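Data first, discussion second: the structure below is written as structure tokens.
The values are calculated or read from the model by the stated rules, or taken from the named source; none is laboratory data. Bear in mind the structure is a predicted one, so any value in this text is a computation, not a measurement. Here Cβ is always computed from backbone atoms with ideal geometry, including for glycine, and neighbour counts include all displayed protein chains.
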Amino acid sequence: MEMEMQTEEQDEREVSKPYILCIFANICFAGFPVVIKVSLDKGMSCYVLVVYGHAFGTLATALLALLFERKNESKISVPIIRNVFFLGLLGGVLGRTLNYMGLEYTSPAITSAMGNLIPCITFIIAVLCRMEKFDITKLDTQAKIGGTLIAFAGAALMTLYEGIAVISMHTQASHQSATSKSSVDRDWIKGSLILLVSYFSSSAFYILQTITIEMYPAPITLTSITCLSGTLLTAIMAAILDQEASSWKLSWDSTLLAPLYSGVLIFGITIYVQTLVVKTRGPVFMTAFRPLSTIVAATMGLFILREAIHLGSILGASLIILGLSATLWGKNKEKEKNPLEDATSQEVCEIQLEN
């Protein structure tokens, strides 16, 4: 009896683990645009910032790999090296660099809100790559499609509609925020288009990450060599596009905090956490939690930056939660209906990879 109870508790922990990891990752993502924006506003080069971030991420994950995957027997083949190269290209050169460039032209709020496009884009790419089942007549597929669209609508509402201030800390932060927002309105379209390309690249990164972790089942080591690939590629890019030696100087302020935050917490720990999730639940499940970062960012803005929460934020957050619930419900329904088929597909995939 006790063994059965322990088994049930262990099963419950395994079921809840992906949810906890996704929530943790998105809390980390919520503070990321704010830290980066402060560093960029102080004059740090976006190209150099990407290099330092990947370099710190490489060191952090290499240490973790030595501690926890020292006995890793997986061999690095030519296809894995090819995939790691493209992971560095998609995640570092295109995804992260363009994200920083878009952030320079917009704001952390817009960047965080537009990040909710990633679940929609990832779902589309996964369907095109036949990694995600798509049958419009099935209720679970309709729920996933509707959920991602509703979440996107909520993020758009939070960005485009402000409304009256519902919750305020009675400071001048709201006025300062409004002034800052009005000053970047003229660059909003340019920055938004850059962010859009960035999020397409990030979605492709998640798809390729899912394929690669099946070929090389050592998530910490894979994260480390992915960061190393990003470091080398972005260093070449920075050397070509930013030839000022002063751009590489770090000080004991936000110019050091930003690469440490992005390198250790985002590129290192968070990407590793995402790798664990996509390995067990797939890229669509992982990216479905991305809208939570917008909600967390709004909450952080209230208590840390003393920014008011407006009606548009509340309505948008409600739609995001509704869309997230619908998407996860669809994923769970799909898993309940086709457990044997999913297992068979995984076995076929493993045989193909071995060959």
Within the set of pairs 6+ apart or on separate chains, which have a first residue in the stretch 38-54 that is touching a residue at least 24 places away in the same chain (Cβ under 8 Å), a second that is of a type in the set (Asp, Glu) and crowded, with 24+ Cβ neighbours inside 10 Å, and C-beta atoms under 8 Å apart? none
How many residues does the stretch 107-150 hold that are outside any helix (DSSP H, G or I) and farther than 28 Å from Ile295 by Cα? 9
Residue in the stretch 276-290 that is nearest to Leu160 (Cα to Cα), counting only those that are in a helix (DSSP H, G or I) and at pLDDT below 75: Thr287
Got a sec? Which helices (runs of 4 or more DSSP H) wholly within the stretch 2-99 have at least 3 residues that are among the basic types (Lys, Arg)? 2-41
In the set Tyr19, Tyr100, Tyr47, which member is of a type in the set (Ser, Thr, Tyr) and surrounded by fewer than 20 Cβ atoms within 10 Å (Cβ to Cβ)? Tyr19
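Name the one entry in Gly57, Gly95 that is crowded, with 17+ Cβ neighbours inside 10 Å and farther than 19 Å from Leu195 by Cα.
None of the other options fit; the residue is Gly57.
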Checking the condition surrounded by fewer than 19 Cβ atoms within 10 Å (Cβ to Cβ) and outside any loop (DSSP other than H, G, I, E, B), which residue from Ser251, Ser247 passes? Ser247
